[in-house]
1. Collect the residues in the range 95-152 that are over 30 Å from Gly85 (Cα atoms) and assigned to a loop (DSSP other than H, G, I, E, B), keeping them in residue-number order.
2. I'm checking my understanding of the structure. Among residues of the range 130-156 that are among the β-branched types (Val, Ile, Thr), free of Cβ contacts under 8 Å to residues at least 40 places away in the same chain and farther than 17 Å from Ile89 by Cβ, which one is surrounded by the fewest Cβ atoms within 10 Å (Cβ to Cβ)?
3. Before we move on, is Val93 over 14 Å from Met157 (Cβ atoms) and not polar (S, T, N, Q)?
4. Six or more apart or on different chains, Cβ under 6 Å: which pairs go from a residue in the range 4-33 that's under 15 Å from Phe196 (Cα atoms) to one that's open to solvent by 40 Å² or more (accessible area, probe 1.4 Å) and modelled with pLDDT of 95 or more? Could you list them?
5. Which of the residues belonging to the range 71-92 are under 22 Å from the mean Cα position of the chain (by Cα), open to solvent by 50 Å² or more (accessible area, probe 1.4 Å) and either touching a residue at least 40 places away in the same chain (Cβ under 8 Å) or under 20 Å from His177 (Cα atoms) (or both)?
6. Checking the conditions here, which among Gly176, Gly210, Gly218 is open to solvent by 20 Å² or more (accessible area, probe 1.4 Å) and modelled with pLDDT of 85 or more?
7. Given the structure, is Leu67 of a type in the set (A, V, I, L, M), out of contact with any helix residue (DSSP H, G or I) (no Cβ under 8 Å at 6 or more places or on another chain) and farther than 30 Å from Phe201 by Cβ?
Amino acid sequence: MNTLHQFFFGIFPYIALAIFFFGSLVRFDREQYSWKSESSQILYEGQLRLGNILFHVGILAVFFGHLFGLLTPLWFWDALGISHGAKQIFAMVMGGIFGVMAMVGLVILLQRRLKCDRLAANSTWRDKLVLIWLIITLGLGLLTIFVSMGHTDGHEMVKLMTWAQHIVTFRGDAAGHIEDVNFLFKLHMVMGMGLFVIFPFTRLVHVWSGFASVTYLGRAWQLVRRR
């Protein structure tokens, strides 16, 4: 196992997560007025609704699919009687559907930001970086589906699951489990971890508020009295 591989898949995940959590905390503490998605609807409404819906539905499904798919222990799937091959095919189909949905939404959002002069003038380099980074990451993820079609026994997927579970349980041998996986998977993983690095410095921080909004469901009713 070479040094570069050990860094990107044994050390970099922890660097990315540290920046993700501590960077978000510092951003919230120091720049709360910038903690927003900075909607562009007032500048140009064209195709915003369509792009937003496609992107958000697709990316949330992809995110939670990765989260539960990678971190659910193998014994759980075995206990349910679901083979590794069946799980991989399901992941390929659902990942393909929602990945394409998110990609179409992203392309719509990027092209409206570039083609409208008012939007382009009010867009920062960080806004464009996020969209382009997401497109590349999603594109690589969709390409891995074609790689997976060449081996549907689930063996490669098990390696990726083992890596992810060893990372979150702080086991030092994580990188060794994916040393021989296809390069496209590795590139997709590095780009995905890179998203966690740029997260605190972009409009992506509004994702935290989206998850926090669930607490409103248990909030006490607002009491309004007449004068």
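1. Selection gives Cys116, Asn122, Ser123, Thr124.
2. The residue in question is Ile132.
3. Details: over 14 Å from Met157 (Cβ atoms): no; not polar (S, T, N, Q): yes.
It is false that Val93 is over 14 Å from Met157 (Cβ atoms) and not polar (S, T, N, Q).
4. Ala16/Phe196; Phe20/Phe196
5. Across the range 71-92, the qualifying residues are Leu71, Ile89, Ala91.
6. Testing whether each residue is open to solvent by 20 Å² or more (accessible area, probe 1.4 Å) and modelled with pLDDT of 85 or more leaves just Gly176.
7. no
The values are calculated or read from the model by the stated rules, or taken from the named source; none is laboratory data. Quantities reported herein were computed from a predicted structural model and do not represent experimental measurements. Please note: Cβ atoms are built from the backbone with ideal geometry, for glycine as well, and neighbour counts cover all protein chains shown. For accessibility, only protein heavy atoms count, side chains too; no ligands or nucleic acids. Shrake-Rupley method; radii C 1.70, N 1.55, O 1.52, S 1.80 Å.
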